[in-house]
Amino acid sequence: MEGVTEALREAFESGPDWCLGLMSGTAMDGVDAALVLTDGEEITGFGPSLFSAYPKGSMAAARSVHADGLRLRAGGDPALVAAAGAEVDAAHAAACAALLAAPAAPDAALVGYHGQTVAHAPDEGWTWQLGDGAALAKALRRPVAWDFRSADMTAGGQGAPLAPFFHWALARRIGAPGPVAFLNLGGVGNVTWADPQADGPEAPGALLAFDTGPANAPVDDWMRRQAGLPHDPDGRHAAAGKVHEGVFKANSVRAYLGRRPPKSLDRNDFAQAAASAEGLSLEDGAATLTALSARMAAAAQDHFPAPVSRWLVCGGGRRNAALMAMLAERVEAPVQAVEEAGLDGDMLEAQCFAWLAARVVRGLPLSAPGTTGVAGPTPGGRLARP
């Protein structure tokens, strides 16, 4: 099998091939799948992509583990954890099969499988993603790169974010003349300051990346509790509400803003701040929690090594007009959805893990001191063969 790995490495070193990337975010609403033509350095082209929604009522074990990951990691209910992992593997295998069966979809030489994060504790040196690369490789009958974060954490990094190296490659692809900021507004917000003029993503000064704070998670949770809605559509409720400043005095907010990057978060790290919205009207709570996300994202610019020419926003938050407007009021450069740069904001993370998969095969770094705080450029991931 070592010969298979060596042959695959040599194939990617000789030129680009199609990789299929998979991502399931903290919202646990389904699987993003995307094809990228790459050698793990340049992005040669983008192929088809799709979102495979979890059917209503499915993924019950995975949702239970996701809701109680910290306790379960400490030991308890191994049958539930095993069932959750099997659900995640099956859902991702189905998404792969659907994408590869799409009209004109190229075959994939390699799959990048992030899995489903259920808990992340960087200060304690561990992270937990459901999903077994070996099981997926067997189901798909093709090699799978997976377990992307462990090597970084073993080497002293935060294990996140991993998208910055891909953001650097994107900045090169769109021809950015100087530094740009990529802001991902998912459940948690993360930002990448990228200088495409650097020699590579691992080069000193090429990247600075860190989690900004909560993004969609607090307001999504608020809308579910208060109105039975999955999110605030287009930010309409936030736009109609009043921001209550008391939430910004929460200790968890002040403490995080005061920390120098690199730094990363778990989805639930700002429960204290979110709880301070209780008792507000639906609109005021949405406005306050949306403002929390915008202000924490905007504060990232205080850490940038140099000003950026624009902020390129991906993730679901780019569709929240109130959040985008609040952000634009507080930063010193234009705020744009990544589509304005010709990119796909829905599929950026899945595309990222396709690109990273090729780097895993080639033994190239996935992280560096400016992205996760690791001591030096660090390869990572494991390769599962069918």
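The values are calculated or read from the model by the stated rules, or taken from the named source; none is laboratory data. Just so it is clear, the model here is predicted, and its values are computed rather than measured. In this analysis, Cβ positions are derived from the backbone assuming ideal geometry, glycine residues included, and neighbour counts consider all displayed protein chains. Areas reflect the complete protein model, heavy atoms only, side chains present, ligands, DNA and RNA absent. Shrake-Rupley method; radii C 1.70, N 1.55, O 1.52, S 1.80 Å.
Any chance region 38-61 includes a residue that's farther than 19 Å from Ala163 by Cβ, in contact (Cβ under 8 Å) with a residue 60 or more places away in the chain and in contact with a helix residue (DSSP H, G or I) (Cβ under 6 Å, 6 or more places away or on another chain)?
So far as region 38-61 goes, no, none of its residues is farther than 19 Å from Ala163 by Cβ, in contact (Cβ under 8 Å) with a residue 60 or more places away in the chain and in contact with a helix residue (DSSP H, G or I) (Cβ under 6 Å, 6 or more places away or on another chain).
Please go through region 150-163 and pick out each residue that is of a type in the set (Gly, Ala, Ser) and either assigned to a loop (DSSP other than H, G, I, E, B) or open to solvent by less than 30 Å² (accessible area, probe 1.4 Å) (or both).
Ala155, Gly156, Gly157, Gly159, Ala160, Ala163
Against the conditions (1) under 29 Å from Ala384 (Cα atoms); (2) outside any loop (DSSP other than H, G, I, E, B); (3) more than 15 Å from the chain's Cα centre (by Cα), where does Phe166 fall short? Just the number, please.
(3)
Quick one: would you say Pro179 is open to solvent by 10 Å² or more (accessible area, probe 1.4 Å) and within 14 Å of the chain's Cα centre (by Cα)?
For Pro179, the condition - open to solvent by 10 Å² or more (accessible area, probe 1.4 Å) and within 14 Å of the chain's Cα centre (by Cα) - is not met.
Criterion first (under 19 Å from Asp211 (Cβ atoms) and either buried (at least 16 other Cβ atoms within 10 Å of the Cβ) or among the hydroxyl-bearing types (Ser, Thr, Tyr) (or both)) does Asp147 satisfy it?
Spelling it out, it is not the case that Asp147 is under 19 Å from Asp211 (Cβ atoms) and either buried (at least 16 other Cβ atoms within 10 Å of the Cβ) or among the hydroxyl-bearing types (Ser, Thr, Tyr) (or both).
Which residues, taken from region 241-257, are open to solvent by less than 60 Å² (accessible area, probe 1.4 Å) and within 20 Å of Ala121 (Cβ to Cβ)?
Ser252, Val253, Tyr256
For Ala277, work out the one condition from (1) free of Cβ contacts under 8 Å to residues at least 60 places away in the same chain; (2) part of a loop (DSSP other than H, G, I, E, B); (3) within 21 Å of Asp29 (Cβ to Cβ); (4) out of contact with any Cys (no Cβ under 7 Å at 6 or more places or on another chain) it doesn't fulfil.
Among (1) free of Cβ contacts under 8 Å to residues at least 60 places away in the same chain; (2) part of a loop (DSSP other than H, G, I, E, B); (3) within 21 Å of Asp29 (Cβ to Cβ); (4) out of contact with any Cys (no Cβ under 7 Å at 6 or more places or on another chain), the lone unmet condition for Ala277 is (3).
From the list Ala238, Ala275, exactly one residue is within 19 Å of Val188 (Cβ to Cβ) and surrounded by fewer than 23 Cβ atoms within 10 Å (Cβ to Cβ). Which is it?
Ala275
Would you tally the residues in region 25-65 being crowded, with 21+ Cβ neighbours inside 10 Å, under 18 Å from the mean Cα position of the chain (by Cα) and modelled with pLDDT under 95?
1
When you scan region 261-271, do you find a residue that is hydroxyl-bearing (Ser, Thr, Tyr), outside any helix (DSSP H, G or I) and open to solvent by less than 20 Å² (accessible area, probe 1.4 Å), even just one?
yes
I'm trying to understand the selection: among the residues of region 344-386, which are part of a helix (DSSP H, G or I) and surrounded by fewer than 19 Cβ atoms within 10 Å (Cβ to Cβ)?
Going through region 344-386, the residues part of a helix (DSSP H, G or I) turn out to be 348-362, 369-372.
Within region 344-386, Arg362, Pro369 qualify.
Asp68 - would you say it is surrounded by 15 or more Cβ atoms within 10 Å (Cβ to Cβ), closer than 20 Å to Ala217 by Cα and of a type in the set (Asp, Glu)?
So Asp68 fits the description; yes.
Within region 340-361, can one find any residue that is without any contact (Cβ under 8 Å) to a residue 40 or more places away in the chain and touching a Gly at 6+ places or on another chain (Cβ under 9 Å)?
There is at least one residue in region 340-361 that is without any contact (Cβ under 8 Å) to a residue 40 or more places away in the chain and touching a Gly at 6+ places or on another chain (Cβ under 9 Å).
Return only the number of the condition from (1) over 23 Å from Trp18 (Cα atoms); (2) at pLDDT below 95 that Gly85 does not satisfy.
(2)
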